[in-house]
Amino acid sequence: MKIPRAARALLFALLCVAATPLWLPLLGTALVVADPLAPADAVVPLAGDLGERVASAAELLHAGFAPRLVLSDLRVDDDGALTSKDHRRFALDAGVQPGRLFPIDRTVRSTYQELVAVRELATRSGWRSLIVVTSPQHTRRTRLIAAEVFRDSSIAVHVRPVEGFGYTPSRWWQSDRERTLTLGEYPKLLAFLLGYRG
């Protein structure tokens, strides 16, 4: 006996709901990557948060993984956003000495533009390795972008998530903040995979 189309659709929907404990955690954990830590020429906290990335990068600096910290000037809209001046303040508050701070030389509007500017600074400076620090849910896309931007260079890039960021990939749907972060990251990841380089 042939099962009606509506019944098959209902059965599929029920199976999806029943399997929720399996696939929901995968949506969060698929976004998070962490390359092994190794000494580098600079640590690069990506712009765009309220200082957690800079604080995490400063910890790596203090632990001896890099001698310098790169600051970005990000502007995502006409109302402004956190800039390298804000990040400089965060870094100084985290105990980084001014002489160890290296700002990129232009304002950027996306992770892609930021990593292009970082590559140019690293190339001019003769750096061979970088640790890029970003929010956990942003690490997968950051690694993909870095792989493209640095593909034909001799600069090694290691992507690290912010420690203690408050993102739990295995339970992201239980928090309003983490739902927003997770569901907001997938369209950006898809846009990059489809060729957007804004």
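The values are calculated or read from the model by the stated rules, or taken from the named source; none is laboratory data. These numbers were taken from a predicted model, which means no experiment stands behind them. A quick note on method: Cβ atoms are made from the backbone with ideal geometry, for glycine too, and the neighbour counts reach across all protein chains shown.
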Of the listed residues (Thr180, Thr123), the one being loosely packed, with under 13 Cβ neighbours inside 10 Å and of a type in the set (Ser, Thr, Tyr) is Thr180
### Query
Would it be correct to say that Arg143 is closer than 25 Å to Tyr196 by Cβ, under 19 Å from the mean Cα position of the chain (by Cα), at pLDDT below 95 and buried (at least 17 other Cβ atoms within 10 Å of the Cβ)?
no
request  = Check whether at least one residue in the range 55-69 is closer than 11 Å to Leu101 by Cβ and modelled with pLDDT under 95, and report yes or no.
outcome  = no
Of the candidates Leu115, Leu61, the one satisfying the condition of being over 25 Å from Phe192 (Cα atoms) and among the aliphatic types (A, V, I, L, M) is Leu61
Checklist entry - Before we move on, is Arg151 farther than 22 Å from Glu59 by Cβ, part of a helix (DSSP H, G or I) and charged (D, E, K, R)? => result no
When the range 91-116 is checked residue by residue, the ones that are in a helix (DSSP H, G or I) and surrounded by 17 or more Cβ atoms within 10 Å (Cβ to Cβ) are Ala91, Thr111, Tyr112, Gln113, Glu114, Leu115, Val116
Report task. Can you confirm whether the range 131-140 contains a residue that is surrounded by 18 or more Cβ atoms within 10 Å (Cβ to Cβ), over 16 Å from the mean Cα position of the chain (by Cα) and either outside any helix (DSSP H, G or I) or modelled with pLDDT under 95 (or both)? Result -> no
Filtering the range 147-174 for residues that are under 14 Å from the mean Cα position of the chain (by Cα) and charged (D, E, K, R) leaves a count of 2
Checked the range 157-172 for anything exposed (fewer than 15 other Cβ atoms within 10 Å of the Cβ) and not in a loop (DSSP other than H, G, I, E, B); matches are Ser170, Arg171
When every residue in the range 25-71 that is assigned to a loop (DSSP other than H, G, I, E, B) and of a type in the set (Asp, Glu) is compared, the one surrounded by the fewest Cβ atoms within 10 Å (Cβ to Cβ) is Asp35
Filtering the range 166-195 down to residues that are closer than 23 Å to Arg109 by Cα and among the hydrophobic types (A, V, I, L, M, F, W, C) yields Leu181, Leu183, Leu189, Leu190, Ala191, Phe192, Leu193, Leu194
